[in-house]
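Novice: Handing you a structure now.
What follows draws every value from the coordinates through simple rules; no lab data is involved. Here the structure is a predicted model, which means the values were calculated and not measured. Virtual Cβ from ideal backbone geometry, glycine too; neighbours counted across all protein chains shown.
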Amino acid sequence: MNRKQHVLVVGGGITGLTVAYYIQKQMKEEELPLTITLAEKSERLGGKIQTERHDGFVIEKGPDSFLARKPAIIDLSLELGLEEKMVGTNPAAKKNFILHRNQLHLMPPGLILGIPTQMAPFVKTGLISPLGKVRAAMDLVIPARKEESDESLGGFLQRRLGREVAENIAEPLLSGIYAGDTQALSLSATFPQFQAIERKYGSIIKGMLFSRKAGGAAPLPKLNLPPAVKNSMFLSYQGGLETLVDSLQEAMTDVNILTNHGVKSITSQGRHYQVEMENGKLMEVDSVVLAAPAYAAMHMLRDLEEISALAETRYVSVANVVMAFERKDIQHPLDASGFVVPHKEGKNITASTWTSSKWPLTTPDNKVLIRSYVGHSRNQTFKQYTDEELVDRVSKDLRDIMGLDAKPIFSRVTRWHESMPQYRVGHLERLQKVRKELKMKRPGIFLAGAGYEGVGIPDCIQQGKNAARWAVQYLSAQKENVTV
């Protein structure tokens with residue numbers, strides 16, 4: 001009697017949910033006899049996607065949006081019937097500020113990922129000195145790097161645009177995605193398009209300018225989306241990002257979901273794998289998708305030689321502080337999405353989103369919601385503060401930067417311990433070695449998630465979709481090779 005093949009997905013964040021969803025979809029479409037189990041260590045699904053709804057406020061405790069130009073999440077949203085629930089940012093709050101010498105400066109129009117593509121606004125900005133602007137213009141004549149090996153993101157930016165542009169504009173914009181030090185982050189793993197542009201055009205400014213004119217900024221796919229959404233760079237859902245998590249969970253009717261089930265180890269048992277849970281339970285499976293942090297995956301597969309390379313993907317902790325106010329108590333116009341803070345400014349916060357301006361549907365009338373971010377790979381001191389101390393320090397920064405003296409209606413502190421993976425130089429080469437060893441010594445075990453090939457929600461969804469396809473292909477091949 002043949003046993004149904006069993007695939008285990010480890011991790012119930014957005015990557016793991018996507019893996020399970022797409023395995024189930026393929027199982028139904030191809031009528032495959034599979035058992036699908038998803039094991040999540042904590043008591044809830046969704047990972048860092050967590051939405052709180054309180055007195056008419058919609059409070060994101062993790063990410064607050066996703067990039068609209070990446071099709072993986074658009075496709076998934078359409079499959080789940082969420083197109084009418086998508087919302088874009090407020091078109092009246094398109095501006096952003098950068099803190100420089102304790103003053104908020106308008107981000108120059110025409111910046112793409114921190115790279116200037118409109119010269120007039122860049123020349124006028126007070127963020128860069130005259131000499132710094134001349135140095136940035138040298139990008140147009142500096143020869144392209146001949147070596148094809150990986151380099152640091154910060155090293156690339158300084159080499160092409162000079163120290164001022166790198167530190168005052170690009171670094172706070174780009175490192176905010178990873179809460180990391182651009183001098184240590186891998187260019188190949190974070191922004192490989194920069195390498196490709198330099199090789200093609202010999203200049204990052206020229207290449208980004210041509211890309212922009214040619215529509216190379218990857219516009220939204222031509223989909224049947226609400227008009228307000230089509231022109232928005234960032235999207236969310238009515239009721240918050242947890243809408244996506246809830247919809248995925250509702251759709252997974254043929255998936256055995258186990259919360260409070262952490263995985264301790266995965267060992268080879270012939271053609272199968274024995275999975276030991278932290279609660280002592282054992283499970284025999286045929287394939288495993290590890291949608292868990294890199295350090296957790298390394299621990300589960302600690303008997304492999306190359307798996308130790310995952311230790312190079314260090315994780316840093318971050319936190320965010322949300323505060324609600326009465327609009328009448330705030331003098332600032334709040335006519336933008338918020339501001340970012342370069343590391344050298346010496347503030348506790350790395351950025352602040354004026355949520356009620358950027359996402360009006362999140363906040364009741366006559367109220368204000370502000371979310372500030374804390375934590376960077378070069379500054380983890382916030383971990384020693386109590387929640388009350390953290391609110392006080394963030395409040396001081398907002399007072400110094402915005403003149404915000406109002407007392408909040410309420411505040412929320414959310415801490416994410418070891419949550420932001422750092423793709424250090426050489427990341428992709430190390431990942432390739434690990435995957436090669438898995439293919440040879442642990443076939444049927446796959447890696448996916450923020451620790452590997454992109455930290456954004458769309459990146460994780462794409463990785464989950466790919467891993468689901470790999471797992472089903474592996475199981476199908478295994479079944480064909482079995483002699484009944």
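Novice: To the nearest 0.05, what FRET efficiency results for Q274 and Q103 with a Förster distance of 41 Å applied to their C-beta separation? Present the calculation step by step, with values, prior to reporting the outcome.
Specialist: Details: r = 60 Å, r/R0 = 1.47.
For R0 = 41 Å, the calculated efficiency reads 0.10.
Novice: Distance in nm between label sites at D392 and R378, each 7 Å beyond Cα in the beta-carbon direction?
Specialist: Going by the 7 Å Cα→Cβ label model, 2.7 nm.
Novice: When the chain is fully extended, how far beyond the present Cα-Cα distance does E480 get from H54, taking 0.36 nm per residue of separation?
Specialist: On the way: separation 426, 0.36 × 426 = 153.36 nm, distance 5.31 nm.
Result for the pair: 148.1 nm of gain on full extension.
Novice: Fewest to most neighbouring Cβ within 10 Å: what's the order for M86, M119, M283?
Specialist: Numbers: M86 23, M119 15, M283 18.
Least crowded to most crowded, the residues run M119, M283, M86.
Novice: Using Cα atoms only, what is the angle between the long axis of helix 14-30 and the major principal axis of the chain, expressed in degrees (0 to 90) to the nearest 10?
Specialist: It works out to around 50 degrees.
Novice: Report the label-to-label distance for A144 and R314 in nanometres (one decimal), using points 7 Å from each Cα along the Cα→Cβ vector.
Specialist: Modelled inter-label distance: 3.3 nm.
Novice: Calculate how steeply helix 457-481 sits against the longest principal axis of the alpha-carbon atoms of the chain, using the helix alpha-carbon long axis, and give the answer as 0 to 90 degrees to the nearest 10.
Specialist: With both axes taken from Cα atoms, the answer is about 20 degrees.
Novice: Moving on to the next point. Zone of E30 (label point 7 Å along Cα→Cβ, backbone N under 16 Å): which residues in region 460-481?
Specialist: 465-481
Novice: In addition: By count of other Cβ within 10 Å, fewest leading, how are D75, D459, D392 ordered?
Specialist: D392, D75, D459
Novice: Computed over the Cα atoms of region 316-421, what is the convex hull's projected area averaged over all directions, in nm²? Intermediate values should be presented prior to the final figure.
Specialist: On the way: hull surface 26.3 nm².
If I average the Cα hull's projected area over directions, I get 6.6 nm².
Novice: Would you compute, from DSSP H runs of 4+ residues alone, the mean residue ellipticity of the chain at 222 nm, taking -39500 (n - 2.57) per run and dividing by the full residue count, rounded to the nearest 500? Walk me through the numbers on the way to the answer.
Specialist: On the way: 16 runs with 162 residues, N = 484.
Helix-only estimate at 222 nm: -10000 deg cm²/dmol.
Novice: Scan the chain and report its longest stretch carrying no trypsin sites (Lys or Arg not before Pro) that are both in a DSSP loop and have at most 13 other Cβ atoms within 10 Å. Could the numbers behind the result be given before it?
Specialist: On the way: sites that count: R3, K4, R44, R101, K146, K222, R271, K281, R302, R378.
Formally, the longest exposed-site-free interval is 379-484.
Novice: Which whole-number percentage describes the relative contact order of region 107-213, with Cα contacts under 8 Å and a sequence gap of 6 or more? Please report the intermediate quantities before stating the final value.
Specialist: On the way: 132 pairs, mean separation 35.9, N = 107.
Value for region 107-213: 34 percent.
Novice: Continuing with this model, one more query. At a 10 Å Cβ-Cβ cut-off, how would you order T182, T350, T267, fewest neighbours first?
Specialist: Final ranking by Cβ density, sparse to dense: T267, T350, T182.
Novice: Where in region 231-245 does the label zone of R44 land, with the point 7 angstrom along Cα→C-beta and an amide N cut-off under 16 Å?
Specialist: 239-245
Novice: Quick one: 3J(HN,Hα) in Hz for region 402-414, Karplus 6.51/-1.76/1.60 with θ = phi - 60°, rounded, Gly and Pro as x.
Specialist: With the stated coefficients, region 402-414 comes to 10, x, 7, 10, 5, 8, x, 5, 7, 9, 9, 10, 10 Hz.
Novice: Roughly how big is the chain's charge dipole about its Cα centre, with Cβ charges of +1 (Lys, Arg) and -1 (Asp, Glu), in debye to the nearest 20?
Specialist: Details: 61 positive and 53 negative charges, 270 e Å.
Here the chain has a charge dipole of around 1300 debye.
Novice: Which values, in whole Å and largest first, are the semi-axes of the equivalent ellipsoid of the chain obtained as the square root of 5 times each eigenvalue of the Cα gyration tensor?
Specialist: Working: eigenvalues 305, 148, 93 Å².
Equivalent-ellipsoid dimensions as semi-axes: 39, 27, 22 Å.
Novice: So for the chain: antiparallel DSSP bridges make up what percent, rounded to the nearest 5? Write out the running numbers ahead of the final one.
Specialist: On the way: 52 of 71 bridges.
For the chain, the DSSP antiparallel bridge percentage is about 75.
Novice: May I pose another question? Hey, what did the chain get for relative contact order, percent, Cα under 8 Å, at least 6 apart?
Specialist: Details: 924 pairs, mean separation 117.8, N = 484.
Rounded, it is 24 percent for the chain.
Novice: In the chain, with Lys and Arg counted as +1 and Asp and Glu as -1 at Cβ, which of these residues, Q195, P143, T363, has the Cα nearest the positive end of the dipole, that is, farthest along it?
Specialist: After comparing all options, I get P143.
Novice: What is the angle, in °, between the Cα long axis of helix 242-251 and the longest principal axis of the Cα atoms in the chain? Nearest 10 is fine, range 0 to 90.
Specialist: So the inclination is approximately 20 degrees.
Novice: Set the Förster radius R0 to 25 Å, insert the Cβ-Cβ distance between R199 and K95 as r into 1/(1 + (r/R0)^6), and round the FRET efficiency to 0.05. Please report the intermediate quantities before stating the final value.
Specialist: Numbers: r = 33 Å, r/R0 = 1.34.
Efficiency, from the Cβ-Cβ distance: 0.15.
Novice: Also, I was wondering about something else. Tell me which residues come under 5 Å, amide H to amide H, from G12 once H is placed; ignore anything under 5 positions away on its chain.
Specialist: Result for G12 returns K41.
Novice: Another one. Provide the gained length on full extension for the span H332 to E429, in nm with one decimal, where the gain is 0.36 nm per separating residue minus the Cα-Cα distance. Working shown, then result.
Specialist: Working: separation 97, 0.36 × 97 = 34.92 nm, distance 4.77 nm.
Taking H332 through E429 to full extension adds about 30.1 nm, to one decimal.
Novice: Now, a different point. In whole Å, what is the distance between the alpha-carbon centres of region 244-265 and region 41-62?
Specialist: A separation of 16 Å, based on Cα centres.
Novice: How far apart, in nanometres, would the label points at L67 and K344 be if each is projected 7 angstrom from Cα along the Cα-to-Cβ direction?
Specialist: 2.7
Novice: Also: Please list, short to long, the whole-number percent of alpha-carbon pairs of region 107-213 in consecutive 10 angstrom bins beginning at zero.
Specialist: Bins of 10 Å from zero give 16, 52, 31, 2 percent of pairs.
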